[in-house]
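Reading through the structure tokens given below for one structure.
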Amino acid sequence: MHAVAGLMHLDVRAAGNGLLLTASPADVGDHAQAWQLRLRNNDGGRSLRELAAAFRDGSEYQWGIGDQWFAFFPAPQQPGIGSLVNARPGPEPEGPAEILCRSDRPLELWAEAGTAMDDIIAGLDTALPPEQWVFEDASACPGCQRPVYDSTESTGMFIGAGMPIGGLCRFCLSGETLHTVREAGLVLPGQQRAVLEAMAGS
């Protein structure tokens, strides 16, 4: 939770023989949504460990996939903030890159993710071939944008505000999210606020 940006989440977990990082919300084009980034383990975990170290230290790290690349770096104009971006070359050869996705989070949050990644990486099966990797999809909770995975027990369907509400995380189902938001005096986007208030009245 951030006093200005409101509710934000950064989730990392094992996905097959790699990691699945979910940042919600993130800037994707001209709108905000959850961003799922699959971090593949193609080199015995070396690149994943280097990225985890960059998260912990708040240092720069860049890697590429085809004509796109990903980069993590301390935001130059925002002290204490780290940025993870997915970019590709812009239309002008000498011009700036085109940012496809961007997630800005406090460096402390990235550091927590990097620490968590170390334990997950240590448990990955580096002998597992890519064709046997199993990924778990996630959707964004309509109340708080927290990633909700298929294995999460506290999902369901409720009727509120005259419409069905599904895919809620356990924190929104229990009312904890709304309580925390009210205690902190946060202002949420209209749709998220409507979902949480509908849950409170259900």
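The values are calculated or read from the model by the stated rules, or taken from the named source; none is laboratory data. Just so it is clear, the structure is predicted and the values come from calculations on it, not from any experiment. As a convention, Cβ positions derive from the backbone with ideal geometry for all residues, glycine included, and neighbour counts pool all protein chains shown. Only protein heavy atoms, including side chains, enter the accessible area calculation; ligands, DNA and RNA are left aside. Shrake-Rupley method; radii C 1.70, N 1.55, O 1.52, S 1.80 Å.
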Exercise. Just one of Ala71, Ala54 is more than 30 Å from Gly190 (Cα to Cα), open to solvent by less than 20 Å² (accessible area, probe 1.4 Å), aliphatic (A, V, I, L, M) and free of Cβ contacts under 8 Å to residues at least 24 places away in the same chain; which is it?
Worked result: Ala71
For this session: Inspect all residues belonging to the stretch 124-143 and state whether any of them is hydrophobic (A, V, I, L, M, F, W, C), assigned to a loop (DSSP other than H, G, I, E, B), closer than 30 Å to Ala194 by Cβ and free of Cβ contacts under 8 Å to residues at least 40 places away in the same chain.
Result: yes
Problem set entry | Single residue of the stretch 172-192 satisfying the filter (farther than 16 Å from His9 by Cα and modelled with pLDDT under 80) that is surrounded by the most Cβ atoms within 10 Å (Cβ to Cβ) | Ala184
Exercise. Tell me, which strands (runs of 3 or more DSSP E) lie completely within the stretch 13-120 with 1 or more residues that are farther than 25 Å from Trp133 by Cβ?
Worked result: 18-28, 31-39, 68-74, 81-88, 98-106
For this session: Identify the residue in the stretch 74-105 that is over 16 Å from Leu21 (Cβ atoms) and open to solvent by less than 70 Å² (accessible area, probe 1.4 Å) and, among all such residues, is modelled with the lowest pLDDT.
Result: Gly95
Exercise. Any idea how many residues of the stretch 17-43 are modelled with pLDDT of 85 or more, of a type in the set (S, T, N, Q) and open to solvent by less than 10 Å² (accessible area, probe 1.4 Å)?
Worked result: 1
Exercise. Among the numbered criteria (1) modelled with pLDDT of 90 or more; (2) touching a helix residue (DSSP H, G or I) at 6+ places or on another chain (Cβ under 7 Å), which single criterion is violated by Leu51?
Worked result: (2)
Problem set entry | Test result for Ser59, within 15 Å of Cys101 (Cα to Cα) and hydroxyl-bearing (Ser, Thr, Tyr) | no
